[in-house]
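Only one structure is covered here, and it is reproduced in the block below.
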Amino acid sequence: MPAPRRAPSAYSTPVPPSRQQLSQRSRLDSASSAANPDLPSISVSSNSSHASSLLSISPIVRAITVPPSPFLASSTPVPPTTKNAYPFGFGSDMDATSTPVYNSAERDTTASAQAELSQADRLRLWRHDALMQHQNQTAVFVGDTVLALTDDPNDAFWLAQVHYNTGHYARARQLLMRQDLNRSSSCRYLAALCLTRLSKWDEALATVGESNPFRNASEEAEVVSDGGIKLEASMCYLRGIIYSNQNNFEKAKECYMEALTVDVKCFEAFDELITNSLMSPAEEWKFLESLKFEDIPDGDLVKLLYSTKLNKYYNTARFFEAEHQLQTVYQLSESSDLLQSRAELFFVQCRFNKCMDLCEKVLKNDRFKFSIIPLYLACLHELEQKNKLFLLAHEMTENHPEEPVTWLTVGVYYLSIHKIAEARRFFSKASMMNPHFGAAWIGFAHTFAVEGEHEQAVSAYSTAARLFQGTHLPSMFLGMQHLQLHNFTLAEEYLDASYNICQTDPLLLNEMGVVLYHKNQLEEALEFFFKALKVAEDLDSDTKAWVPIKINLGHAFRQLRRWPEALQNFEEVLRISKHEPEVYSALGLVNLHLNRTDKAVMNFQEALSLAPNDPVAWDLLKRALEENSQAMLNF
Amino acid sequence: MGTRPDPSFYKNLARNLEQAYLLLSDRCLYESAKWTAEALNGLPELEDDAADDAMTEREPDSDSILIDVKSLDEMTPSESRSYLLAKACFDCREYDRAAQKLERVSTSSAKCIFLHLYARYISGEKKRDEQSEAILGPLDGDATVNKQLVPIINELESHFTRSPATKDDPFLLYLYGIVLVKHKCEKAAVEPLARSVKLYPYNWGAWQELSHCVSSIDQLPYVLARLPPTHVMTKLFEVATSQELFQSTESVFITLDQLETVFPNFVYLEIQRAMLCYHALEYDDSARLFDHVVKLDPHRLDDMDMYSNVLYVTEQRAKLAHLAQLASATDKFRPETCCIIANYYSLKSEHEKAVVYYRRALTLNRNCLGAWTLMGHEYMELKNARAAIESYRRALKVSSKDARAWYGLGQAYEVIEMYYYSFFYYQRAAALTPYDQRMWIALANCFDKLQRPTEAIKAYTRALSLSDSEPSILQKLIELYRQIGDKRNAERYAVLLKNSEVGAGEGGVGAKSEMGTRG
């Protein structure tokens, strides 16, 4: 049974439509079909039994027949509804194709009904069935015949849909060119979509127009609450895609935001905004608040779902609230998107084990859920699960070599086994397949950073920073690179930029403290370290997150000659984390200052037993030993 | 504890030890369980009527155990099923599997949490040993660590903060202590371990870990202050720790005497006495005691490497050969056996072979303290100071209380003429055994080498105060005083030297012989 191939991605929410939604849809179908009597979906109102075989609408839908609304009847002359022309969609069949019913028994009962249809209508039904069963050749064949018979723009549109689904974008485009594009926005939309597929961005933009022509007339459109996505929103979204491919991210962001303002159901626009971090965390929340969820049915549910997807560094309380509501009120605790959001939070909290468990839970049901894989990869890399990475990379390359995330997986695997050159190659492959794939760019930059090639790392991170203006990470990595190059002023600038986007990342606050520490502004550095600790605590982070902060705190206290506090921090670090030679050296220095030479000697020896080639530690050990023998004067 | 405690005391103790055996072996703490069973058999024979009484009054003595022991074993039926499987896996050395079986339920009962984390700890230890590869190889050392330690510490701490009930589980506290000690945080480990033994005193493992945390005799009172003062287990701990700290003092022997009235047949105590005699350089007494243990319990290999040390020092080659045969007939692949054989080869001056056997002992158990120290000695014999230093260092990683290893390090660095290093190690050795003359002589020697005669004089004087005036020390002192131009003192010691040569050796200045070694 052919399930709609791209249906999940085109149709945002993975939850089954509620009864109310379904009834909404049916109303729409009947209405729109009435408006376009020459289209197959007409049969919903005129002959419901046949339509069920074709459109596979569930029984309740069939039961309801609503008279066509006058508004719709006067709206578009061409295909059914606005949403039919949605990218990757199947036209009107999208409405209820989640469980297509190809029931031969039902066909028999409708045989008599079929006789009443015109020849063109019968052919149209054939074309539609063929399209639904992915028999594109048949659909093209029949579609051509129908078009030749009727020369109807609607038939041209549907033929173009068939071409589009076959992947013959130029052909579809050419067909649509024949039509008077201005007559129908659906045709224009599809044409633009074909152009984007052909990477002809300028032409595509010319087709959809540089800005939303309906912007001022939109009040009128809002009256429609049809359950589908408004074409206007889809157009805005497409405009956003085009702008972002032209590297005009400001415009792209505006377009996506406009798409959502027009219709909050345009999840693709929301997804583009969030996954590409076009907004800062605070902006995201503000924007979500401004959206009009109350206009659509189930607005509360959608709002909650959206709010779980926002940046996890900000407003954790609201996330918990939304998650709780979704779990208790809507019983969505097993929803993979909710699990993914939870996993993202765990990742931010550095609880990598828990994050990995959740990712695996999601992937158990949906082995190739591409949206969660970058997160899962980050987790596996963090936990050094090379074997799992290996298997995942193999499965991905076997099954989905066309997806950029597959090659990201391969890159991460090579990175985790320290084969940097190979890792770089695959990261670059992933970023070539999708030039807007941020994770690939960051991975690519990491490969340079690992090898200490700071200059190249800086340029790669800069690209990432340009692509993801709303996330603080690339700027932070840039700051870190400059810190390693001892360009403290530049480092501070980048970190400040990063801080302007996100004030609640402990790692960032820590880095800022480090810069101040290097600039010898110790009191200020302390302040940042404390702030970082506070934030880590608020996020309920794992100890892993605050160990480096405590170490830095210890160093700052040491420089300020506040020995007891320094000791306390270093000792705590030794208790809760893997032993690092630097910590022992620092502890030794403190003990040396406190004249506990015997302890200092032991500390330096511990440091050297972990890192035997550290000349500084050898030097300090020598000093400690000499001082130790002086201390023996009065035994 | 009087001279002869009343029968009800014995009954209580026996019951508690029996119960402890069950608790310990149920938690896969087999070494501690073995010790407990040995202690139980070390009690005097109970009369039959006493056994009947034991049946009537089941309440254990409430003053020594602060918690309800039965509550320690509380589990839901599904938990106890998982626990059985996990324990079976653990017993078959499938540690990862054991840990995994308790992963799900580990949030609830303390017993499940314990075995889950303990299996992970053991698995981590096993993997660390495997990754370390050859003894003293490039991967053998601090860089290869048990990767489970930090996660276990973090997990336990989160349990302690989240559910207060776990904070009162003696076994979780014990595990926390173990991992902290392994993570070189002995200071932090004292508190949980002391709490663990306070809550449940019959877990010998916890006492041993606590003993590990006491790295010098000054710390012992500080630790003892946190423990139940009159408990028989505290006394045992005190004796064992003092023995490890080379404290062959009167008070330790008094406590030991008291304990032997409670446990007249306890082999462990006999060995403690033998070890104390060994530290006090009373080798004959020590050998006699060890010999008795061998006769009583010929297949008991524990601590027999110590016996071989005594035989080595007293150069009883035949007896050492016999012991080696006996041990290898029992179990060839026990670290103790390998140490005995190595000692035998060393006595025959076959140092390479000795090293081979010490390495084998260490491959079997990298925490075998004696083998590291003795291997260091062998490397010194082989003039390989570098390897010797490494061996001694590893000995100190196992236990920082080993004065012989500190002294050995000092010697090794002296050989390669790194006197500041050498000085530091002698200093540590002297701090552990302040009444051992050799340490002070070594220190003085170092000062002399460092061209600091004043300090050298001080150290020699200290050495002199610990024993009868030794001509060589006096000679050195005279030289040093001449060097700094103090003719008056030089002459004073010259007189002393002359006197001692005559045979009327005076005790050193302010000798504290009553506190000194018993030799």
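None of the figures in this text is laboratory data; all of them are computed from the coordinates on show. A quick note: this is a predicted structure, and the numbers were derived from the prediction, not measured. Note that we place each Cβ from the backbone using ideal geometry, even for glycine, and neighbour counts take in every protein chain shown.
For the reader, a short list of remarks on this structure follows.
- When only alpha carbons are used to place a centre, region B:413-490 and region A:567-635 end up 26 Å from one another.
- Label point distance in nm, B:Ile416-A:Met177, each placed 7 Å from Cα along Cα→Cβ: 8.2 nm
- Taking every C-alpha pair closer than 8 Å and separated by at least 6 residues, the mean separation divided by the residue count of region A:199-333 gives a relative contact order of 17 percent.
- On Cα atoms only, tilt of B:317-330 relative to the major axis of chain B in degrees: 20 degrees
- Sorting the segments A:325-338, A:463-476, B:381-394, A:143-156 by their mean number of nearby beta carbons within 10 angstrom, highest to lowest, gives A:463-476, B:381-394, A:143-156, A:325-338.
- Whole-angstrom gap from region B:178-224 to region B:302-380, using each part's C-alpha centre: 29 Å
- Neighbouring partner chain Cβ atoms per residue of B:454-460, average, 10 Å criterion: 2
- Charge sum, other residues only, whose C-beta stays under 11 Å from A:Glu294's C-beta, Lys/Arg counted +1 and Asp/Glu -1: -1
- Net charge in the neighbourhood of B:Arg288 (other residues with Cβ under 13 Å of its Cβ; Lys, Arg +1, Asp, Glu -1) is -2.
- Cα shape, region A:350-451, gyration tensor, a/c 1.5 rule: oblate
- Seen against the Cα atoms of chain B and their longest principal axis, helix B:186-199 is set at about 50 degrees.
- Rough spin-label spacing in nm, given labels placed 7 Å along Cα→Cβ, for B:Arg488 and A:His593: 4.5 nm
- Global geometry of region A:464-556, whether rounded, prolate or oblate, following the gyration tensor of its Cα atoms and the 1.5 cut on a/c: oblate
- Dimensionless Rg ratio for region A:199-333, taking C-alpha atoms and the 2.2 N^0.38 Å reference: 1.10
- In this structure, B:Arg104 and A:Glu203 have a Cβ-Cβ separation that, at R0 = 45 Å, corresponds to a calculated FRET efficiency of about 0.20.
- Highest-first packing order for the peptide set A:164-177, B:439-452 is B:439-452, A:164-177, based on the mean count of other beta carbon atoms within 10 Å.
- Angle in degrees between helix B:471-483 and the longest Cα principal axis of chain B, rounded to the nearest 10: 60 degrees
- Of B:Lys111/B:Lys198; B:Lys126/B:Lys348; B:Lys235/B:Lys332; A:Lys550/B:Lys147; A:Lys200/A:Lys253, pairs whose Cα-Cα distance is over 25 Å: B:Lys126/B:Lys348; B:Lys235/B:Lys332
- Legend: P(r) of chain B from all alpha carbon pair distances, 20 Å bins from 0, whole percents, reading 19, 51, 25, 4, 0.
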